[in-house]
Amino acid sequence: MSPDGPELRFYNPWVTSGKRTNRLPHWEQPEATYFVTFRLADSLPATHIVLWRAELNAWLKRNPKPWSEEVEQEYHRLFSNRLERWLDAGYGDCRPRETQLQKSVSTTLVHEDGKDFALHAFVIMPNHVHALLSLGEETSLSDVMKGWKRVSAHRINELTSGSGPV
């Protein structure tokens, strides 16, 4: 990182990257910049997810990879964008609407800023969080995300006398 702050370096398809697969594929490159979203457990209704997955699986059978640019745009229009709309609809109990909980999540996000990563910007929505960050040379996006989710869930449960997934 430079003295003026980190340079924004987005995914470069010509540079070696690691790929992890859990529910979604994630590509990682050292010192890259990422826009990430993470959400509360109840932010997407289970009935919506079941329907979405069924439609996605049927669509994928009809549209095997590799995709043309038009097919990829259709995929995002039908599936990625729908998830974003559902998140923005404000499903769930939306705990981070409360100022005290927003401050707690904010403190969690900035805690290691400048050490393992550079946090450029973030926004805490009622049921999800968006963040723009650049990783340090030895930092894993997966590790940063796990830390943020674990600590913010713990703090929210502590402040609300709750338990379980947040």
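What number of residues in the range 91-104 are outside any helix (DSSP H, G or I) and under 14 Å from Asn157 (Cα atoms)?
Of the residues in the range 91-104, the ones outside any helix (DSSP H, G or I) are 91-94, 98.
Cutting the leftovers down to under 14 Å from Asn157 (Cα atoms) gives us 93-94, 98.
The number of residues fulfilling the criteria is 3.
From the list His130, His120, His154, pick out the single residue that is out of contact with any Cys (no Cβ under 6 Å at 6 or more places or on another chain), without any contact (Cβ under 8 Å) to a residue 40 or more places away in the chain, on the phi < 0 side of the Ramachandran plot and in the same structural domain as Glu98 (by TED's automatic domain parsing). Lay out the reasoning, then the answer.
Details: His130 fails: without any contact (Cβ under 8 Å) to a residue 40 or more places away in the chain; His120 fails: without any contact (Cβ under 8 Å) to a residue 40 or more places away in the chain.
His154 is the lone residue from the list that is out of contact with any Cys (no Cβ under 6 Å at 6 or more places or on another chain), without any contact (Cβ under 8 Å) to a residue 40 or more places away in the chain, on the phi < 0 side of the Ramachandran plot and in the same structural domain as Glu98 (by TED's automatic domain parsing).
Before we move on, is Val50 hydrophobic (A, V, I, L, M, F, W, C), within 16 Å of the chain's Cα centre (by Cα) and in a helix (DSSP H, G or I)? Walk me through how you get there before you give the answer.
Numbers: hydrophobic (A, V, I, L, M, F, W, C): yes; within 16 Å of the chain's Cα centre (by Cα): no; in a helix (DSSP H, G or I): yes.
No; evaluated as a whole, the condition is false for this residue.
Among all residue pairs at least 6 apart or on different chains, which show Cβ distances below 7 Å where the first residue, located in the range 73-90, is assigned to a loop (DSSP other than H, G, I, E, B) and the second is not hydrophobic (A, V, I, L, M, F, W, C)?
Gly90/Pro126; Gly90/Asn127
For Arg20, work out the one condition from (1) at pLDDT below 90; (2) assigned to a strand (DSSP E or B); (3) surrounded by 14 or more Cβ atoms within 10 Å (Cβ to Cβ); (4) out of contact with any Lys or Arg (no Cβ under 7 Å at 6 or more places or on another chain) it doesn't fulfil.
Result: Arg20 fails condition (3) only.
State all residues of the range 123-166 that are part of a helix (DSSP H, G or I), farther than 14 Å from Asp113 by Cα and among the small types (Gly, Ala, Ser); if no residue qualifies, say none.
Residues satisfying the conditions are Ser142, Ser152, Ala153.
The values are calculated or read from the model by the stated rules, or taken from the named source; none is laboratory data. No experiment lies behind these values; they were computed from the predicted model shown. Virtual Cβ from ideal backbone geometry, glycine too; neighbours counted across all protein chains shown.
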